[in-house]
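Engineer: Mind looking over this structure? Questions follow.
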Amino acid sequence: MSLSDSERERYDRQLRVWGKEAQLKLKKAKVLIVGVGGLGSPVAIYLTAAGIGKLVLVDDGVLELSNMNRQILYTTEDLGKPKVYVAAERLRKLNPNVEIEAIKARLDEELAYKLVKDVDVVVDALDNWETRLILNKACVENRKPLVHAGVEGWYGQLMTVIPGKTPCLNCIMPAPPPPRETPLPIVPTTPGVLGVLEANEVIKLVIEGRSSFEGRMLVYDGLRGEFSTIELKRNPNCPVCSKLG
Amino acid sequence: MVARVKISIYSSLREELGWKEKEVLVEDNATLMEVLKKEPSLYERLVNEKEQLRSDYMILVNGIHLQFKDGTRTRIRDGDEIAIFPPGGGG
């Protein structure tokens, strides 16, 4: 595998940071992004721009007007269309070198296991804990790194799960909280900040094999303009990850 | 013996309660519930009428979720650190 003249020019500024070998690692990498909403939009845009080899996108949603304050992959003309197909079309135009697979489905256990097996890194860009915990279990059992983020209002959190090494999502949220009766409040920029940070961790996982948020959680407070970190430990009794050495 | 316990809160809890960190003094080996009662406004946020902890808050004692310890009966020792916040569920 090599880089074409066009790719060398497209990636010129980042090649000056990490060089050709690292860029080839990105070109060979397959990344699964679950959810192409507020978090998934910036994750997919930056990974496509950076030259990831293949993105697999999963989402069952259709674009609604109330998505438009934060889901920056879409335009008002896309209302009513399945998000995952619109996203794939936009991303292919952004960078035709990247292979994009779009799957319009709600992630369940069976689909999670099938998709996680074939990728190098998984991104949690979901909007609910129930599906997050399904995705987490599939990642732990297939030993695939999972980059997690979640948002609400002005706030969000991010952590990376390295199965067998770091706490998993089940360690920190053993059961999904009760569902809300009203939609979650979300400031437009909050998933933007967290989604960009997720993309950044994916790039480091692919190029360097490490994330800055292994065993610690980043907590973002957009109202106060603060980032904090919380040290996390693996739960020796976690039913999902404790058996992994 | 008196135990010094650090409580750190994050995100919307900071805004609601107006502080980030507090050190509370309790009897060594007190339960988590006894520690929370030292901060009545925090206690009211986290505990429902049935004296159960709300499940939408993440409560870690020295980095481990208290559900994997002894829940509200988790024993707190001198120097322990408690971190509490409601993780965002949206995307």
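Engineer: Have a look at A:Val147, A:Val86 and point out the one that is touching a Ser or Thr at 6+ places or on another chain (Cβ under 9 Å), under 28 Å from A:Gly222 (Cβ atoms) and free of Cβ contacts under 8 Å to residues at least 24 places away in the same chain.
Structural biologist: On inspection, the qualifying residue turns out to be A:Val86.
Engineer: Evaluate the following for B:Glu44: is it assigned to a helix (DSSP H, G or I) and out of contact with any helix residue (DSSP H, G or I) (no Cβ under 8 Å at 6 or more places or on another chain)?
Structural biologist: Yes.
Engineer: Moving to a separate point now. Restricting attention to the stretch A:109-126, does a residue exist that is assigned to a loop (DSSP other than H, G, I, E, B), within 14 Å of chain B (Cβ to nearest Cβ), within 18 Å of A:Arg180 (Cβ to Cβ) and within 14 Å of the chain's Cα centre (by Cα)?
Structural biologist: Within the stretch A:109-126, one or more residues are assigned to a loop (DSSP other than H, G, I, E, B), within 14 Å of chain B (Cβ to nearest Cβ), within 18 Å of A:Arg180 (Cβ to Cβ) and within 14 Å of the chain's Cα centre (by Cα).
Engineer: Assuming A:Gly150 fulfils every condition listed in (1) part of a helix (DSSP H, G or I); (2) within 14 Å of chain B (Cβ to nearest Cβ) apart from one, which condition is it?
Structural biologist: (1)
Engineer: For residues that are assigned to a helix (DSSP H, G or I), among the small types (Gly, Ala, Ser) and more than 14 Å from chain B (Cβ to nearest Cβ), tally how many sit in the stretch A:21-48.
Structural biologist: 1
Engineer: Quick one: count up the residues across the stretch A:127-137 that are in a helix (DSSP H, G or I) and more than 20 Å from A:Leu47 (Cβ to Cβ).
Structural biologist: Result for the stretch A:127-137: 7.
Engineer: Still on this structure, I have one more. Restricting to the stretch B:81-91, give me the number of residues that are more than 7 Å from chain A (Cβ to nearest Cβ) and either surrounded by fewer than 19 Cβ atoms within 10 Å (Cβ to Cβ) or in a strand (DSSP E or B) (or both).
Structural biologist: 3
Engineer: Any residue in the stretch A:9-20 that is assigned to a strand (DSSP E or B) and touching a residue at least 40 places away in the same chain (Cβ under 8 Å)?
Structural biologist: Checked the stretch A:9-20: no residue is assigned to a strand (DSSP E or B) and touching a residue at least 40 places away in the same chain (Cβ under 8 Å).
Engineer: While we're here: Could you pull out the residue among A:Ile72, A:Ile100 that is in a loop (DSSP other than H, G, I, E, B), modelled with pLDDT of 95 or more and of a type in the set (Val, Ile, Thr)?
Structural biologist: A:Ile72
Engineer: Against the conditions (1) in contact (Cβ under 8 Å) with a residue 12 or more places away in the chain; (2) surrounded by fewer than 22 Cβ atoms within 10 Å (Cβ to Cβ); (3) of a type outside the set (Asp, Glu); (4) over 24 Å from A:Gln14 (Cα atoms), where does A:Tyr46 fall short? Just the number, please.
Structural biologist: Just one mismatch for A:Tyr46, condition (4).
The values are calculated or read from the model by the stated rules, or taken from the named source; none is laboratory data. Bear in mind that the values here come from a model prediction, so they are computed numbers and not experimental data. Glycine gets a Cβ as well: all are built from the backbone with ideal geometry, and neighbour counts include every protein chain shown.
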